[in-house]
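Structure provided below as structure tokens; questions to follow.
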């Protein structure tokens, strides 16, 4: 089965060279302006999106038995990993946001279902945890090497001091006050997190994708239908919560 992500990239590669030159230039300028002080996240030799960890024995057992009765997304994710799909492919073909994939990735790692080496010092794990909301700004920039443990401890102590004085301040603002990051650097981190909540716009790079056989097409349509159903259910739940909050019958 040809991967949707490969077809997506191929459609972009099929653009004329004179077009790709301009696109590449504009994209790199856009990335540099948005990530600014965190240009190390532009490195292409170790992208989080391209990670494809193997399942552990426990992970394979859970995929086979569903003993924990996790939500469907976890089993879809593990099945896709077992078939050799990386996070980029999994996210695109299930019409998820990258934040969705990151949250599932982190949960499966916590359950010891994924084979990942040196978790504590793995930059990609830090990115996933930050996007998934598992770690805050200070811990994230420590894990990617922008500050050290002593500087983070200094920031935590300073934040506590301000809180004790009744001057409640977020860690990001503390890091800026101490000169560890700038306002623009903070903006970069917020962009990184916000962009992860977006889905790939329908049709972008996908307009000419054709499936090799009917089985692939049916499988993809089924995935999309499940995702639409999930989003509709989420919408119903959110409406009910809002009505309850506002005391609307």
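Values in this text are rule-based calculations from the coordinates and carry no lab data. Note that the structure is a prediction, hence the values are computed from the model and not measured. Cβ: placed from backbone, ideal geometry, glycine included. Neighbour counts: every protein chain shown.
Among 82, 101, 67, rank each residue by its count of other Cβ atoms within 10 Å, from fewest to most, as a rough exposure measure.
67, 82, 101
Note down the Stokes-Einstein diffusion coefficient of the range 1-127 in µm²/s, whole number, using a Kirkwood radius over alpha carbon pairs, 4 °C, and 1.567 mPa s.
79
Exposure proxy check: 36, 80, 64 ranked by fewest other beta carbons within 10 Å?
Least to most surrounded, the residues fall as 64, 36, 80.
Remind me, what semi-axes does the range 120-197 give for its equivalent ellipsoid, largest first in whole Å, using sqrt of 5 times each Cα gyration tensor eigenvalue?
Each semi-axis is the square root of five times an eigenvalue, giving 21, 14, 11 Å.
Another one. What distance in nm separates the simple spin-label points at residue 184 and residue 30, each placed 7 Å from Cα in the Cβ direction?
2.0
Order of 185-195, 85-95, 143-153 by packing, highest average Cβ count within 10 Å first?
Going by the mean number of other Cβ atoms within 10 Å, highest first, we get 85-95, 185-195, 143-153.
Per 0.36 nm of contour for each residue apart, how much would the distance between residue 110 and residue 154 grow if the chain were fully extended, relative to their Cα-Cα spacing?
Residue separation times 0.36 nm, minus the Cα-Cα distance, leaves 13.0 nm.
Roughly how compact is the range 43-192, stated as its Cα Rg over 2.2 N^0.38 Å to two decimals?
After normalising by residue count via 2.2 N^0.38 Å, the value is 1.22.
Relative to the present Cα-Cα distance, how much length would full extension add between residue 168 and residue 37 at 0.36 nm per residue of separation?
Additional length available on full extension: 44.5 nm.
Which length gain, in nm to one decimal place, applies between residue 49 and residue 12 when the Cα-Cα distance is subtracted from 0.36 nm times their residue separation?
11.6 nm
Give or take rounding to whole Å, what are the principal axis extents of the alpha carbon atoms in the range 78-160, in descending order?
That gives 47, 25, 20 Å along the principal axes, largest extent first.
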